[in-house]
Structures are given as structure tokens and as C-alpha cells.
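Report on the following structure.
The values are calculated or read from the model by the stated rules, or taken from the named source; none is laboratory data. Values in this document were obtained by computation on a predicted structure and should not be read as measured data. Cβ sites come from the backbone with ideal geometry, for glycine too, and all protein chains shown count toward neighbours.
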Amino acid sequence: MNNEIESLVRISKSQAEPAIEVLKNAFKETNSMKYFLPNDVNREKIVRCFLSIGIRTGIKYGEVYATSSNYVKRGSFLIEL
């Protein structure tokens, strides 16, 4: 398990936008998001805003990690706030 933690890549402030996009794309079409935010246009904006707050706050006051340095291409992402 220790090797798994060591292989995580810390997300920097300059990587916030790509990380937000990956998460937005991963969560915007989930059933729960569609239920609470049925309008497609509003859903995308709200989900992006919500995730942006989490990512930016995590970077500023804590830590945000990706499972790979290629997280934008693969869409594989881990958040730890």
C-alpha cells in the first residue's frame, strides 16, 4: 500500500484547470447530478463551479493528488482534500 501512495502525483495550482475539467466530465452525467440539476447547460456550469471550489481550496490549504501524471489524458483522478 505504501507504494501506491508514493506513486500519487500532487496537483499544483497551474494544473487546477485540467483537473477540474477531468472531474467535471466524470461527474456531470451521473444519475445524482442529473436528478438535482436536470438542465444540461446549468448542470455543467454548476458541477464545474462546485468542483473548482474543492480543487482550488485543496491546493491552497491542503493537498490534491492524481493517480498519474497523465490524468488529463486518461481521465483517472483521485482527490484527497
Open item on the list: On the basis of being surrounded by fewer than 16 Cβ atoms within 10 Å (Cβ to Cβ) and modelled with pLDDT under 95, does GLU44 make the cut?
Closed with: no
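Looking at LYS73, LYS60, LYS24, can you tell me which residue is part of a helix (DSSP H, G or I), over 12 Å from the mean Cα position of the chain (by Cα) and at pLDDT 90 or above?
Details: LYS73 fails: at pLDDT 90 or above; LYS24 fails: over 12 Å from the mean Cα position of the chain (by Cα).
Only one candidate qualifies: LYS60.
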Task: Selected residue (criterion: surrounded by the most Cβ atoms within 10 Å (Cβ to Cβ)) from residues of the stretch 27-37 that are in a helix (DSSP H, G or I) and without any contact (Cβ under 8 Å) to a residue 24 or more places away in the chain - done: MET33
